[in-house]
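The values are calculated or read from the model by the stated rules, or taken from the named source; none is laboratory data. Not measured: the values here are computed from a predicted model. Here the Cβ positions follow ideal geometry from the backbone for every residue, glycine too, while neighbour counts run over all protein chains shown.
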Amino acid sequence: MNTYTEIATYALGVTTEWLRPTREGAQRCWWPGDDEQYIDYHDNEWGRPVSDDTRLFEKLCLEGFQAGLSWLTILRKRENFRHAFHTFDMDEVARFSERDINRLLEDAGIVRHRGKIEATINNAGRALDLIDETGSLTDFIWGFAPDIPFGRDGESTHASGVASISPSATALSKELKKRGWKFVGPTTVYSFMQSMGLINDHVEGCHVRDVCETARQSVVAKRK
């Protein structure tokens, strides 16, 4: 999803409504607009719990690349990123050399930012260290999922308060930074947690909100 700053801009500059009708007569969050790729992402990916190490690593990396940009920009380049970073295989990315960095800097299909590229390579190594220590990236990350159902660790998402961080995101960000990860500030991590289903920020009334929350609670319960 785009950042909360973008959501606030959208809400204040385009519409005061936080829900838009679907073709089927239901309601969805407003932020995908009329973009079909964005709508598909909202309906079928965003907020649905992910328990796969590679997908979690990929999303953390892509959220880092998004910094200063919109998520839609990254979404449209996602397949290019997957090809350029070898499907975000952590073992392979951790071995990327200066030659690989130069290759990526010449790849117009991705965001050519040296700092973000180097951070991704660094984070692959840190992810492998974390897996060696804890058993899986999934177990570590989901250990920071809040028990409270919705929004910013419990507050329902609505137009009266636009947030970009939460206590759980701040805690995960702090722990990742302590372990040497880069481009994982609280706002980046919050967006990651939203998209991977650790936090359910679908607007009340959105047709996938309850489905996502049921799935989220199931994952949380299994890890207690």
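In the condition set (1) assigned to a helix (DSSP H, G or I); (2) in contact with a Cys (Cβ under 7 Å, 6 or more places away or on another chain); (3) closer than 21 Å to Thr87 by Cα, His42 is compliant with all but (3). When Asp89 is tested against (1) crowded, with 20+ Cβ neighbours inside 10 Å; (2) under 23 Å from Leu130 (Cα atoms), only condition (1) is not met. Pairs are defined by a Cβ separation below 7 Å, a sequence spacing of at least 6 or placement on different chains, a first member in segment 117-128 that is closer than 16 Å to Gly185 by Cα, and a second member that is among the charged types (D, E, K, R) and surrounded by fewer than 24 Cβ atoms within 10 Å (Cβ to Cβ); the pairs so defined are Ala119/Lys182; Asn122/Lys182; Asn123/Lys182; Arg126/Arg179. Taken over segment 165-197, the criterion of being at pLDDT below 95 and in a loop (DSSP other than H, G, I, E, B) is satisfied by Ile165, Ser166.
Selection within segment 129-146: residues that are β-branched (Val, Ile, Thr) and under 16 Å from Val189 (Cβ atoms). The member of this set that is surrounded by the most Cβ atoms within 10 Å (Cβ to Cβ) is Ile141. Scanning segment 58-95 for residues that are among the hydrophobic types (A, V, I, L, M, F, W, C) and under 10 Å from the mean Cα position of the chain (by Cα), we see that the one that is farthest from Cys29 (Cα to Cα) is Cys61.
When segment 198-220 is filtered for residues that are in a loop (DSSP other than H, G, I, E, B) and of a type outside the set (Gly, Ala, Ser), the ones remaining, listed by number, are Leu198, Ile199, Asp201, His202, Val203, Glu204, Cys206, His207, Val208. For segment 71-155, the helices (runs of 4 or more DSSP H) that sit wholly inside it and include 3 or more residues that are aliphatic (A, V, I, L, M) are 71-84, 90-94, 98-105, 114-134. Test Thr54 against the criterion of being in contact with an Asp or Glu (Cβ under 9 Å, 6 or more places away or on another chain), of a type in the set (Val, Ile, Thr), surrounded by 12 or more Cβ atoms within 10 Å (Cβ to Cβ) and modelled with pLDDT under 95, and give yes or no. Judged against the criteria, Thr54 is not a match.
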